[in-house]
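These notes concern the structure reproduced below.
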Amino acid sequence: MDATDPALRVERTATDDPGRGAWLAASFDDWYDVLVAGEAVGRTDPAPWQRAELRAETERGRADAVVHRLLLRERGEPVASAELLLPSLDNTGTAYVAVVTAPAHRRRGLGTRLLAEAVEVAAAAGRDVLQADVDVPAAGPAAERERVAATWPGMLAARAWGFVPGLEEARRQLDLPVPEEVLHRLEEQALPHAAGYAVRTVRGPVDEADVDAVAALMARMSTDAPQGELTVEPERWDAARVREGEALRAAQGRRQWLALAQAPDGSLAGYTMLVQSEHEPERLLQWDTLVLREHRGHRLGLLLKIACLRAATADASDARRVSTWNAVSNTPMIAVNEAMGFRWDETSVDLEAPLATVRAALAARTSAGAPA
């Protein structure tokens, strides 16, 4: 397709754009509708961020990143949407990009057109590495995942654009409620291994006395959790970044529960977090779970998850499932999840490419007239 086609128009904004209110009024709903429709194809539970959450993020902005949102229209009709996240506190050479084409307009090169626009925004911001992820509705043995991925449209497009897989993450879901006797049995089995440790929970913002230690734990997620072949620099966390994340979640209508593991010397050894959105109350999201390397082997991951689940479900009686993501290679955490009853239903493939490689692939495909 011709990138200069006058029938095509890109409308974009960013979370640091003073004029983003006009884009929100004119383009946001169409942008979100394309996103949801595209992500739902072939999947039973796509779990996108909710409309009000992404609107609030665009309105409010973020302290840790600038997020660009792009909508492609063809003769006024919304046909593709893209998001480009540019970290601002760390990993400042990387851009995270997502492109979705409306189902009725696939295989016409529209995704390629919009990705090319996003790549130039990333290049102008000084980024030289692009990362993306593709959700594939396959679970279990590697052969099955590879079979589905071999024909999955998102994977085909990403590979054609020059991306290569760097990490596989399994999405697992836990049906609620979990019988208390199951949790009690698991807890009783784990407690003898955790002598001297204590687990406590926090509803809402982190206590002031813990916020610096929690920030240190969150920084370790980028160094202690599996990253595969992805280019990931250590993240910079402090109390202000923790508070900013809490404020953003509150603006999005999300509430949180945190479980903390305290070591015998009083320091924090690990944590996990559950989040619920008022816009999707039936789902709890299991976010970070980390036990510091020097404190592993005490079954703290299991104890943290049990404590956090009890705290969250005591408040969120309308929750019907928990969704969580773990690297396929993270066998200790997977064992914890499976013991609690989580079932693997999708695989998220994280991909990476040098920006120059993607730019060259896009140029070649555009000049050849190949659709994507």
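Structural remarks
- Heavy-atom accessible surface of residue 233, to the nearest 10 Å², is about 90 Å², with a 1.4 Å probe and all protein chains retained.
- Difference of contour (0.36 nm per residue) and Cα-Cα distance, residue 175 to residue 128: 12.8 nm
- Apportionment of accessible area to carbon and sulfur, region 238-344, percent (1.4 Å): 51 percent
- Subtracting the Cα-Cα distance of residue 343 and residue 317 from 0.36 nm times their residue separation leaves 7.3 nm of extension gain.
- Helices in the chain, meaning DSSP H runs of at least 4 residues, each add -39500 (n - 2.57). Divided by all residues, the mean residue ellipticity at 222 nm is -11000 deg cm²/dmol.
- Judged by the mean number of other Cβ atoms found within 10 Å, the most tightly packed of the peptides 246-253, 18-25, 151-158 leads the ranking 151-158, 246-253, 18-25.
- What the Cβ-Cβ distance of residue 36 and residue 207 gives, at R0 = 35 Å and to the nearest 0.05, is a FRET efficiency of 0.45.
- Solvent exposure of the chain as accessible area per residue, Å², 1.4 Å probe: 43 Å²
- Shape call, region 32-113: gyration tensor on alpha carbons, a/c limit 1.5: prolate
- Contact order for the chain, expressed relative to its length and based on alpha carbon pairs under 8 Å spaced 6+ residues apart, stands at 23 percent.
- Label sites at residue 43 and residue 236, each approximated as a point 7 angstrom past Cα along Cα to Cβ, lie 3.2 nm apart.
- The distance separating the Cα centre of region 126-201 from that of region 229-249 comes to 21 Å.
- For residue 107 and residue 335, the FRET efficiency from 1/(1 + (r/R0)^6), where r spans their Cβ atoms and R0 equals 45 Å, is about 0.60.
- Length gained on full extension, residue 10 to residue 251, computed as 0.36 nm times the residue gap minus the Cα-Cα distance: 84.0 nm.
The values are calculated or read from the model by the stated rules, or taken from the named source; none is laboratory data. Source: prediction; values computed, not measured. Neighbour counts are summed over all protein chains in view; Cβ atoms, including those assigned to glycine, are modelled from backbone coordinates with ideal geometry. Protein only, heavy atoms only, side chains kept; ligands, DNA and RNA dropped before computing areas. Shrake-Rupley method; radii C 1.70, N 1.55, O 1.52, S 1.80 Å.
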